[in-house]
Every structure is written in C-alpha cells, then in structure tokens.
Amino acid sequence: MHREKAIEAIEGSDVPYFTLGLPISSDLWEKQFPLILKNVIEACKINHTKLVFFDNTYMYPQNDRMLTEETDFAPVGRKGRVRRKMAEMVLKEIESGELEAVICRAPEFYGPGKTQSITNILIFNNIKEGKKLKVPLRANKKRSLIWTPDASRATALIGNTPDAFGQTWHLPVDKSHPTYKEFIRMASGIYGRELKYSVVPKLMFKLGSFFNKSVKELLELLPRYAHHNIFDDSKFRKKFPDFQVTSYTQGISIIKDEQLSGNTIIK
C-alpha cells in the first residue's frame, strides 16, 4: 500500500512475483488492488527489475466460450472490473516498453494445504467434515481447475524463461475438463465410498446473500458455474512440452492422503 515500502521490498531482486490475494471483498479490491499494483510497477521501474504478474480469470466472459490468451475482457461485476483494470495496467507497461513483464493466468484452484477456492470449500472441506458435498448451479458443465502446486511451478518456470516475457500465458491444467459430477465420481473412487452431493440453485445463493456477506460477494462469479468453463493451455504446453501436469486423480489422492495424515503434502 506504500510506495516507499514497495521500493524497499523489491530492492536487490531480479524478478519480483506479484502473487497477492486479498479477502473477497469488492470494496477492499477497488480501494487497494490497483494502488498496490501501481506501487509495485513503479518500484520495479525504479529498481530496474522484471515483473511476473500472477492473474486470474475474473475479467473474462462468463459463458460457454473456450478461454484463450486472446479472449476479450468482458467482466461481470465489480471484482471482475478490478481484475481487468489490473491486467490492463500490466499490458500497458508491456506495450510501452517501460517495464519487462509477463502475465501468468490461472483458472479456479483446487489443491492441498490451505488452498482457498470454491471447489476446496464445497467439495474437499465437506468430505473432511463428513458432510454432503455442494455443487454451485450445475453439475453437468465441464470445468478447468488448476492444481495449486502446478500453478506455482509453471509461474516460476515462466519467470525464469527470458523469451516468455512481454506476453500472457495460460497456466497448465489437466486437459480432461471434467464436470463436477465426473469430478465427484473420481473422488468417490479414490476415497472408496460414494460421495453424495446436491446442486445449489441460484435462488439459494441469492437468499443466502441477504444474511451472509461472503455469499453476497460470490454472486458475480456464479454465471461461470452455469456454463462450460474451459481454459485453453495449449500455448504453454507447446512452449514447455516437458512440464508434468498433475492429473485430477493424482491431485485428489494427494488431498485424501493429506486429510488422513493431517500433514500438508506438496507435489
């Protein structure tokens, strides 16, 4: 939040990584995210460093269209507009030639440890607690989820590849793009029991938003769960053919083992 602190933090670095997350609050995002990024960009210029910007997909349209690096920005809601503004700030710097930067973009997370995502909350947290699983809006729409350690490894790889800069990269995902129904079936096989789930309709989210601020903040993200949401990573795979993507069965197995052992497992 403070320009001088950002300059001090980046001093002596070659490639700073902007991977900051803020609590899911539109008010907070609008007030803090653009200012923080502005300070980081200025600090990178002053320190003559590169910048790796870790991004999400909130600025993309929430429909059935396959998402590529060339997809136009069409955000739904305030948080999406903030993420569009931030991405455009970095793109402007790239186009001007004043800062050597790269954008690494990831879809929704799932993963070990303290991974924060709708899938972890509604699927894996409920498995751990012995509760019925929840699926937002539709269980029969294909989805792309990224394993958080894969997102980290891929971002680091791009940050250490000089000719990857000046571009946007979609980070790699398991290409099977399962529906939640298929994903839960996989999990049932790995956990060795039938995992029951229910589909939460939009009306329930709207009703919940009157009583729960977190649910209210989720409303603008819901349209993507009513459609196929497929993330194209072919550009990354072509550039880095040896990168090993964690399959959904591998990822689910790691989460299961972690839940049973009580220890975080990063692979």
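Values in this text are rule-based calculations from the coordinates and carry no lab data. Remember, it's a predicted structure, so these values are computed and weren't measured experimentally. As a convention, Cβ positions derive from the backbone with ideal geometry for all residues, glycine included, and neighbour counts pool all protein chains shown.
Loop-located GluC sites (Glu not before Pro) across region 182-234 with a Cβ neighbour count of 12 or fewer within 10 Å are GLU194, with loop assigned by DSSP.
The helix-based estimate of mean residue ellipticity at 222 nm for the chain, built from -39,500 (n - 2.57) per DSSP H run of four or more residues and divided by its residue count, is -12500 deg cm²/dmol to the nearest 500. Here the Gaussian network model covers the chain, with springs between Cα atoms less than 10 Å apart; of GLY77, GLY159, GLY208, GLY208 fluctuates the most. DSSP beta bridges fully contained in region 3-261 are about 5 percent antiparallel. Net charge in the neighbourhood of LEU157 (other residues with Cβ under 11 Å of its Cβ; Lys, Arg +1, Asp, Glu -1) is 0.
The relative contact order of the chain comes to 22 percent, based on Cα pairs under 8 Å that sit 6 or more residues apart. Kindly provide the GluC sites (Glu not before Pro) of region 1-57 that DSSP labels as loop, not H, G, I, E or B, and whose Cβ sees at most 12 other Cβ atoms within 10 Å. In loop regions of region 1-57 (DSSP not H, G, I, E or B), the sparsely surrounded GluC sites (Glu not before Pro) are GLU11. Pairs exceeding a 25 Å alpha-carbon distance, out of LYS114/LYS256; LYS131/LYS216; LYS85/LYS239: LYS85/LYS239. In terms of surrounding Cβ atoms within a 10 Å radius of their Cβ, ARG81, ARG185 rank from fewest to most as ARG185, ARG81.
Select from PRO23, PRO136, PRO172 the residue whose mean-square fluctuation is largest in a Gaussian network model of the chain (Cα-Cα springs shorter than 10 Å). Greatest mean-square fluctuation among the candidates belongs to PRO23.
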